[in-house]
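Quick notes on the structure that follows.
What follows is calculated from the coordinates using simple rules that are stated; it is not laboratory data. The structure presented is a predicted model; accordingly, all values stated were derived computationally and were not measured.
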Amino acid sequence: MRDSREYFEGAQRQGARKRRSFERLLDEQPLIVGVVAVLLGALIAFILPRTRREDALIGQRSDQFVERVKEVAGATFESVKETASKEISGLVEGAKEAAHKTAEQAAEAAQKTAQQAAETAERELDQQGTQRNTN
């Protein structure tokens with residue numbers, strides 16, 4: 001009984017994490033989520049066979065619509081790909097700048113620490129020299 005409860009609780013936690021992740025994606029990238037949803041719907045529509053009634057009512061118009069959807073989907077995909085590429089490039093540049101700045105700060109901190117250590121050692125040597133001279 002305990003194993004099934006742990007499994008169920010783990011599944012609940014994982015489901016909650018996935019939901020939060022999707023909600024964050026929806027908040028941060030609503031256009032991409034919308035495009036993916038439209039493309040997924042179009043894919044399902046292409047997979048399912050048309051009925052005779054659909055052919056009779058919208059046959060040629062449907063074919064024209066399908067071609068137009070393919071064109072728009074292709075253009076949208078290229079646009080999303082280009083935008084994503086620019087965003088990724090910007091993130092990479094930002095990460096490089098942050099890493100460079102962090103490295104500079106670390107080098108400055110190391111230099112300051114080394115200087116303080118040298119000054120402390122020098123003071124200690126001076127104090128030891130003074131103590132020897134007074135003895």
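Each Cα pair of the stretch 28-135 feeds into the Kirkwood radius, which the Stokes-Einstein equation turns, at 37 °C and 0.692 mPa s, into a diffusion coefficient of 159 µm²/s.
First check a/c for the stretch 1-77, with a ≥ b ≥ c the square roots of the eigenvalues of its C-alpha gyration tensor; if it is under 1.5, answer rounded, and if not, answer prolate when a/b is larger than b/c or oblate otherwise. Cα axes put the stretch 1-77 in the oblate bin.
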